[in-house]
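To start, the structure itself, in structure tokens.
All of the numbers you see were taken from the coordinates with simple rules; none came from a lab. Bear in mind the structure is a predicted one, so any value in this text is a computation, not a measurement. Here Cβ is always computed from backbone atoms with ideal geometry, including for glycine, and neighbour counts include all displayed protein chains.
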Amino acid sequence: MGDSGKSRIEQSHLLFDRFIQATTCKGTFKGFQELCETLGISNLDFPNFYTKLKSKLNYWKAKALFAKLDKRSSHKDYKKNTACANTKCLVIGAGPCGLRTAIELMFLGAKVIIVEKRDTFSRNNVLHLWPYTIQDLRNLGAKKIYGKFCAGAIDHISIRQLQLVLLKIALILGTEIHLNVEFRGLLPPRGQKNPHLGWRADINPPINKVAHFEFEVVIGADGRRNTLEGFKRKEFRGKLAIAITANFINRHTREEAQVEEISGVAFIFNQKFFQDLREATGVDLENIVYYKDDTHYFVMTAKKQSLLVKGVILEDYADTEKLLSRNNVNQEALLNYAREAADFSTNHMLPQLDFAMNHYGQPDVAMFDFTCMYASENASLIREESGKRLLVALVGDSLLEPFWPMGTGIARGFLAAFDAAWMVRSWAQGTPPLNVLAERESIYRLLPQTTPQNISKDFNLYSIDPVTRYPKVNIHVLDPNQVRRLYTTGDQKILPTPEPTASSRSPRMKQSDSLARSSKLLAWCQKQTQGYRNVSVVDLTTSWKSGLALCAIIHRYRPDLIDFQQLNEKNVESNNQLAFDIAEREFGICPIMTGKEMASVGEPDKLSMVMYLLQFYEMLKDTTPEEYLLGFHDKSNLAAATKSPISFLTRLGQNITRKRGPKVTVRHEPVRPAEKQNDPLIPPTLCKG
């Protein structure tokens, strides 16, 4: 080998290290481009890029990362990276969930382009990681890229660092990523004049590469401001709880290293601490969390009255949006409030509390109401025009905003990414379109109820196949007829009812099967509602009119959600609306009507009631109420006596006695308010649920 060849090899090793060690989005792209140029390869060479990269980069550090990726890609689900061969996908948004989805699609052999409207990763806020998420990222080689990843007992990472890790993996696999490109909408095929044109994207700026990209799948991962049409959103709102997030510069000194973290509810302070804080500073909190990451990250729940007294909120309004609007918040007072809380809670041990800057170049502090959550009514849809079909899906916050105190954002976001990849796989394998939708929507029903306790425990067996992640999953809760509304055509023709396929696990029932199933459903409902006041289930129609029977089933499995003794059978509308809302928010079961509609009908439609109740039955039939409750509360009876996250945090804190100083560990279900990702300078009134 000549000197020039040896020099190129040494240079490629140096550039790989520089690429892996890059700490910014732009630096990552620059390092990757320089590496590719030195090796004489192009990431536009699909699908050969990854193979060429491996063959030309004979460097032990790179090979260690390749080994991780190869092990993952060897899973049978991917069919040796051919399961989605010739499938073209557009992913909107390079956040953690968009990148994670793209990585799975690349393993499946799909051609993937990501468009991201920014060119910086500046989210300092810290994400709590469920155990399976940590294992998933380890299996992708996260530790090879970011050596500090979840070292020791650490179970969190900043949004920015997570994005960088996933970006580097996506680039290595050959994902085509375009920064500073805004997705504006879909451009349907142009009809008979251009019969070969498929679905394309309306983007800004209209660069040729992406503007001319024709795709069969589009994934919306651009957050709660989702730009894809066809996804109605529902809002869930609880009692007002005002949260403040603050990021301070971490200089990584010895003094800073000695300050202990306050990890969510698991290490909550007791009542005396909050009293001392209030007396010393006037800052009145319900809880506080401190994570040490790229920044010193604090998040707290503040009482409205103290914010008014301290001059953070200028005027008291009943309307939350008006209360927390930018014009009604004194930004300087907010900074002082956050600094006082952070200083006191760390025993004044952090030597300097200088605010880190957000992507607007201003102090990274945000205040918002976290008790409002949005969820999409559906996870997918299909559009067809001029004979060209397009599969449309949502992931991440576009699909389901995590309930902020529960630390669910990335965990449920990754589960949805896997579910979306499984759907694309079914689509590419030729599964009938309505069957694809029915399966995806059935699986989506499970997502809002997932916890670290009720998902499968063998993380190394996780794949994009839902049965490896959701215990006792029924992927045919919905049948194809129930999702026909999610398939739209250019001329809106009624779609023919699909015939059951041989592979379907839910064949069309015969009349005798249907009767037997209804009888079994009725018996189960009677058992669950037995002993409840003013509840007598004798059929699947009129017995449910008052709403009490449905509330009874929910109360049987989640007594913390409904105060059954306070319900009045005469309040038909409110009883039913309460049950419908809770069932959708907590169990992922969409309502069949509104409470008002239920109150106005003489007798509920039997077919609708059967299909609605069957979802409870399929979800709960193999679980006792005690087992189900343990899955949520980890053998604690504290939550069963409370009605909201805040009262739960407070009650838990009141049951922990300790003097100020060393932290007392009280293990409970991880409830980590670390997922807030709103633009810090736009005080939102709607939380990341």
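Key figures
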| read-out | value |
| --- | --- |
| At most 15 other Cβ within 10 Å, DSSP loop - GluC sites (Glu not before Pro), the range 345-386 | 377 |
| Rel. contact order, % - alpha carbon contacts under 8 angstrom, at least six apart, the range 14-156 | 22 percent |
| Karplus-derived 3J(HN,Hα), 6.51/-1.76/1.60, for each residue of the range 240-247, Hz, glycine and proline x | 3, 9, 9, 10, 10, 10, 9, 10 |
| Distance from the range 115-183 to the range 15-41 (C-alpha centre basis), Å | 16 Å |
| Among 9, 31, 47 - extreme Cα towards positive end, dipole of the range 1-74, charges at beta-carbon | 47 |
| Karplus-derived 3J(HN,Hα), 6.51/-1.76/1.60, for each residue of the range 314-321, Hz, glycine and proline x | 7, 10, 8, 10, 6, 6, 4, 4 |
| Stretchable slack from residue 139 to residue 190, in nm (0.36 nm times residue separation minus alpha-carbon distance) | 14.0 nm |
| In nm, spacing of pseudo-spin labels at residue 536 and residue 518 (7 Å Cα→C-beta vector) | 2.2 nm |
| Within the range 62-83, backbone nitrogen closer than 19 Å to the virtual label 7 Å beyond the Cα of residue 14 toward Cβ | 62 |
| Phi to ³J(HN,Hα) by Karplus 6.51 cos²θ - 1.76 cosθ + 1.60 over the range 180-185, Hz, x for Gly, Pro | 6, 10, 9, 7, 9, x |
| For the range 550-629 versus the range 314-353, the gap between their alpha-carbon centres in whole angstrom | 40 Å |
| Positive minus negative residues near residue 536 (Lys, Arg vs Asp, Glu; Cβ under 12 Å) | 0 |
| Candidates per trypsin sites (Lys or Arg not before Pro) in the range 557-633, loop by DSSP, up to 10 other Cβ within 10 Å | 570 |
| Cross-link pairs beyond the 20 Å C-alpha cut-off, checked among 56/88; 545/596; 596/621; 56/79 | 56/88; 596/621; 56/79 |
| Chain lengthening between residue 354 and residue 461 when straightened (0.36 nm per residue, less Cα-Cα) | 34.1 nm |
| Listed residue pairs exceeding 26 Å between alpha carbons, taken from 30/117; 232/527; 71/144; 30/68; 76/388; 30/63 | 232/527; 76/388 |
| Those aspartates and glutamates that a straight Cα-Cα span of less than 12 Å connects to residue 472, excepting residues fewer than 8 apart in one chain | 618, 622 |
| Relative contact order of the range 246-390, pairs being alpha-carbon contacts under 8 Å that are 6 or more residues apart, as % | 25 percent |
| Inter-label distance, nm, simple model (7 Å from Cα along the C-beta direction), residue 278/residue 117 | 4.2 nm |
| Local electrostatic count at residue 580 - Lys and Arg +1, Asp and Glu -1, tallied over other residues with Cβ under 12 Å | -2 |
| Summed side-chain charge close to residue 188 - residues other than residue 188 whose Cβ falls under 9 Å, Lys, Arg +1, Asp, Glu -1 | +3 |
| Partner aspartates and glutamates for residue 148 [C-alpha distance under 14 Å; skip if fewer than 8 residues away on the same chain] | 293, 294 |
| Signed unit charges on C-beta, dipole axis of the range 509-622, positive-most listed residue 608, 557, 529 | 529 |
| The range 1-74, relative contact order in percent, only Cα pairs under 8 angstrom and at least six apart counted | 25 percent |
| Packing-based exposure ordering (other Cβ within 10 Å, fewest first) of 556, 100 | 556, 100 |
